[in-house]
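S.K.: Before we start, here is the structure in question, set down as structure tokens.
No value in this document is a laboratory result; all are computed from the given coordinates. Treat the numbers as computed from the prediction; the structure is a model and nothing was measured. Neighbour counts are summed over all protein chains in view; Cβ atoms, including those assigned to glycine, are modelled from backbone coordinates with ideal geometry.
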Amino acid sequence: MSSPSARVHFEHSGSHLATVEIVRGGRSPIIASLHRSLVALGLVVSTYQARTGPFELMERVVFERRDGGVIEAPLGEAAKAAILELVIEGGPQAPRGEERPGEEKA
């Protein structure tokens, strides 16, 4: 999934979803919103990494089922849909005084 301001890459362990890497313009992390969505699906974050670049933020999230099992196809597809929805919506609001890419000041 790519857009002018975001890139999403899903990684699999065999045929099971294991990791997502999200690169977005700006510096507002999406992890809080993402965590809520994953927990609602019965998934937990086992590893989170964030790296900033001059104009973007890269977040890498490794997740697993709450019971320790693998994330099989139906749950993996639900997780992908939830992640993509958050990224497309733009994730968290930009702090006051900052604009998200594509927004104009009023």
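S.K.: Using the Cα atoms of the range 2-69, I'd like the radius of gyration and the largest Cα-Cα distance, Dmax, both in angstrom.
M.R.: 12.5, 38
S.K.: Please compute the modelled spin-label separation between Ile31 and Thr19, points set 7 Å along Cα→Cβ, answer in nm with one decimal.
M.R.: 1.6 nm
S.K.: Moving to a separate point now. As an exercise, use a Förster radius of 22 Å and the Cβ-Cβ distance of Val44 and Val70 to find the FRET efficiency, rounded to the nearest 0.05.
M.R.: 0.95
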